[in-house]
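The next block holds one structure in the form of structure tokens; read it before the comments.
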Amino acid sequence: MKIRALAIRIIRQFVHDKRSLALMFVAPIVIMTLLSLIFNGAEYKPKIAVVNAPAPLIKQLEDYGATVHQYDVEKAEKELEANHLDAILSLEGRTPHVKLEGSDPTVNKSVLLMFQKLVQKTAAQPFSADITYLHGSEDMAAFDNFGPVLVGYFAFFFVFLLAGVAFLRERTGGTLERLMATPLKRWEIVAGYVIGFGVFAILQSLLITWFTIKVLGMLMVGSFWYVLLIILLTALSALTLGTFLSAFANNEFQMIQFIPLVIVPQAFFSGLFNMDTMAQWLRWIGNILPFTYSAQALRDVMIRGKGWDAIAPDLYILLGFSLVFAVANVLALKKYRPL
């Protein structure tokens, strides 16, 4: 009877917690739907620019599923630098020259395998070409490609979780209520919490960046300080997002429930999976997620060695997200005190 009574109490407790029940059933369905759309997307089509290539070769490349562009050398180099192409195939001279964009080892292998099949079909001989890389090299490992995204993602995840739970405890413990009774304005309270939590976010960013680059030896072509700046802004966006969403949670369990709906999708659209195979409408979701811009900037610096001009737009957007979340948090606190 005691077990029965305990079980009934737990069931009643869950039944009254409508939001937990909804998330328990809705979150897995949303995540599985996203995974299905991502992994069941279209087959990846390499984007190739050809220079001085005959029409039959272009036709054969298209038959193998490639998206082929005919450019002159200057135009092809600009498009490759802008990451709009996977490779340039040039047929000047006796030996074909292949220049790969190089930042994604999976795409590199896909392009080279396509050329190999094409040559074997037409000439029945091994594929032989002069192969160069704009970024990376043939020794580039998959971890070098995923690593920059994972560095930012773990910083984003842990700062979000810790800031959200800590701010929630301040509210449920009565500390926030006592602060709201003081002459402090709501924005001053939010700013104080952001700065306080931000100190630990800075320390975490320093540790993660130093450890992954100096200890783990992750590929690092650009500036260490740009990476640190990106990680800091990533942590700031996670910090402001976590404190904002904590206003809608009544306990730690409800705060954790935001992870599958808010944090996990950030990884799906960060570049860990090839966005080109997703449906066009699905790719737009990434534009409203702050971590998309963090991952893009980290790859630009760590793999492609780009500088401020390339990453500045992403950093401004990250900063904009942080300001929006902070302002939203100030407005969310309005229910505790109108002014």
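Here the Karplus relation 6.51 cos²θ - 1.76 cosθ + 1.60, evaluated at θ = phi - 60°, turns the backbone of the range 178-185 into coupling constants of 5, 5, 5, 7, 8, x, 4, 7 Hz, with x for every Gly and Pro.
PRE reach from PHE154 (point 7 Å along Cα→Cβ): which of the range 223-245 fall under 20 Å by backbone N? In the range 223-245, the label zone of PHE154 (backbone N under 20 Å from the point 7 Å along Cα→Cβ) covers 224-239. Secondary-structure-derived ellipticity at 222 nm for the chain, considering helices only, amounts to -20500 deg cm²/dmol, per-run term -39500 (n - 2.57) for DSSP H runs with n ≥ 4.
Sorting 164-176, 3-15 by their mean Cβ neighbour count within 10 Å, with the most densely packed peptide first, gives 164-176, 3-15. Accessible area per residue for the range 211-312, computed on protein heavy atoms with a 1.4 Å probe, is 39 Å². One entry in [x] 48, 24, 16; [y] 39, 20, 18; [z] 40, 23, 17 is semi-axes √(5λ) of the Cα gyration tensor in Å calculated from the shown coordinates; its label is [x].
Placing a pseudo-label 7 Å from each Cα along the Cα-to-Cβ vector at TRP225 and LEU184 gives an inter-label distance of 3.4 nm.
An oblate overall shape is assigned to the range 228-304, the ratio a/c of its alpha-carbon gyration tensor axes (a ≥ b ≥ c) being 1.5 or greater and a/b not exceeding b/c. Taking each residue as 0.36 nm, the span from LYS59 to ARG169 lengthens on full extension beyond its C-alpha to C-alpha distance by 33.2 nm.
Between LEU261 and ALA312, the modelled label-to-label distance comes to 3.9 nm, taking each label 7 Å out from Cα in the direction of the beta carbon. A simple spin-label model places the labels of ARG12 and THR106 5.1 nm from each other, with each point 7 Å out along Cα-to-Cβ. In terms of distances greater than 19 angstrom between alpha carbons, the cross-link table entries LYS78/LYS99; LYS75/LYS117; LYS45/LYS99; LYS47/LYS117; LYS47/LYS75 yield LYS75/LYS117.
The values are calculated or read from the model by the stated rules, or taken from the named source; none is laboratory data. Only a predicted model underlies this, so the values are computations on that prediction, with no experimental measurement involved. Ideal geometry is used to build each Cβ from the backbone, glycine not excepted, and the neighbour counts take in all protein chains shown. Accessible surface is based on the protein model in full, side chains and every heavy atom, while ligands, DNA and RNA are left aside. Shrake-Rupley method; radii C 1.70, N 1.55, O 1.52, S 1.80 Å.
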